[in-house]
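Novice: Before we start, here is the structure in question, set down as structure tokens.
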Amino acid sequence: MIDWKYCLIELKGSFLINIGLRDNKFFVQPLFVLRVESKIDENKFLTNKKQCFVLWKIALEKIKNFEHLKKEGFLSICEIRDKMNVGRKRKNYKSKKYFEKLIEKIGVKFENFEKRRRIAENLRKTYFLRNLGEQEKNITP
């Protein structure tokens, strides 16, 4: 018998990677529409969600290691995203090739890696603390 949460993910869950350009800087944002436990076993998935989940976990690990702040890492995440949810892309979907051309066209530079990594670390801490505070507010005695 499969746990209900895997059935819910199979029916309604989506693993996504949001990639874009803001203030002449690229951003990478892994997304999942349902809240799940921290250690999901991909062997419990029955459909192509398993492949998307495995790819999503690879991209998440790259982001965790700040690889998305370097050109090669950013483009590898774009490539991973291209392999996810094949046939179900949004109308405004941008592929790896689009971002490669955009990098060349507008001359986006992936420099100051250490500075960008420190900024990303601080944002993660701030986001974590903000969410921690929200969780404490929602706790009823």
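The values are calculated or read from the model by the stated rules, or taken from the named source; none is laboratory data. What you see is a predicted model, and the numbers here were worked out from it, not measured in a lab. Please note: Cβ atoms are built from the backbone with ideal geometry, for glycine as well, and neighbour counts cover all protein chains shown.
Novice: Only one of Leu75, Leu123 is touching a residue at least 24 places away in the same chain (Cβ under 8 Å) and either under 30 Å from Asp3 (Cβ atoms) or of a type outside the set (Phe, Trp, Tyr) (or both); which?
Specialist: Answer to the selection: Leu75.
Novice: If you don't mind, another one. Quick one: in the stretch 78-97, of everything that is surrounded by 13 or more Cβ atoms within 10 Å (Cβ to Cβ) and without any contact (Cβ under 8 Å) to a residue 24 or more places away in the chain, which residue is farthest from Asn112 (Cα to Cα)?
Specialist: Only one residue fits best here, namely Lys89.
Novice: Follow-up. If Phe74 meets every condition in (1) modelled with pLDDT under 85; (2) closer than 18 Å to Lys25 by Cβ; (3) hydrophobic (A, V, I, L, M, F, W, C) apart from one, which number is that one?
Specialist: Unmet condition: (1).
Novice: I need a count of the residues in the stretch 61-70 that are of a type in the set (D, E, K, R) and surrounded by 16 or more Cβ atoms within 10 Å (Cβ to Cβ).
Specialist: Total satisfying the criteria: 3.
Novice: Condition (residue is small (Gly, Ala, Ser) and closer than 23 Å to Phe128 by Cα) applied to the stretch 53-65: is it met by at least one residue?
Specialist: There is at least one residue in the stretch 53-65 that is small (Gly, Ala, Ser) and closer than 23 Å to Phe128 by Cα.
Novice: Next question. Looking at (1) closer than 19 Å to Arg22 by Cβ; (2) at pLDDT below 75; (3) not in a helix (DSSP H, G or I), can you tell me which one Tyr127 breaks?
Specialist: (3)
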